[in-house]
Amino acid sequence: MTSSIIWWNYLLAAIDIVGLVALIAVGRKRAVGWLWAMITQAVWIVYSTATLQWGFLAVAVVKLAIYSWNWATWSRKVTRTRTAEHLAAEIVDNQYSTASDEDRRVLVEDLLATLYREGFYDKPPKQVSV
């Protein structure tokens, strides 16, 4: 084997490992996973073009398009998702709209503390603003 082929083999093996880490990150709902997956496909596109392997190019372009679409869809969904603090404040505001700001703040904190205690909320209670 020539040295350039060996170099590509090591590079693509490392990229595949990064691709596996990207899949783990995506499974954990981290945006960086989609970005790493897109980068790995970009490297495959460079490889397939440099070695004139057009089958690799077609697959890499399709996978890059799918990863890009999924990342865009996921990131739009995440920006629309409200935090538990926002939802708790909205619930309290709807139910107790005539209460004072201080009373509503205490109710939001109590709601979050209850959710935390019951295992529905993963952050310990803290002081929030309403």
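Local charge for A42 was computed over the other residues whose Cβ lies under 15 Å away, with Lys and Arg +1 and Asp and Glu -1, and equals 0.
Within 10 Å of each candidate Cβ there may be at most 12 other Cβ atoms; applying that plus a DSSP loop requirement, which trypsin sites (Lys or Arg not before Pro) in region 1-64 survive?
R28, K29
Considering helices alone, the calculated mean residue ellipticity of the chain at 222 nm is -27000 deg cm²/dmol, with DSSP H runs of length four and up weighted by -39500 (n - 2.57) and normalised per residue. Under the simplified labelling scheme, the N94-Y10 pair shows an inter-label distance of 5.9 nm, with each label point 7 Å from Cα along Cα→Cβ. Once both axes come from the Cα atoms, what is the angle between helix 3-27 and the longest principal axis of the chain, in degrees from 0 to 90, rounded to 10? Rounded to the nearest ten degrees, it is 20. Just to be sure I understand: with springs between alpha-carbon atoms less than 10 Å apart, which residue in Q95, Q53, Q41 has the highest mean-square fluctuation in the Gaussian network model of the chain? It is Q95. Ranking T83, T98 from most to least accessible surface, computed with a 1.4 Å probe over the protein chains only, gives T98, T83. Between helix 101-117 and the chain, what is the angle of the helix's C-alpha long axis to the longest principal axis, kept within 0 to 90° and rounded to the nearest 10? The angle comes out at about 60 degrees.
The values are calculated or read from the model by the stated rules, or taken from the named source; none is laboratory data. None of these values were measured; they are calculated from a predicted model. We place every Cβ from the backbone using ideal geometry, glycine too, and count neighbours over all the protein chains shown. Quick note on the areas: whole protein, heavy atoms, side chains included, nothing else; ligands and nucleic acids left out. Shrake-Rupley method; radii C 1.70, N 1.55, O 1.52, S 1.80 Å.
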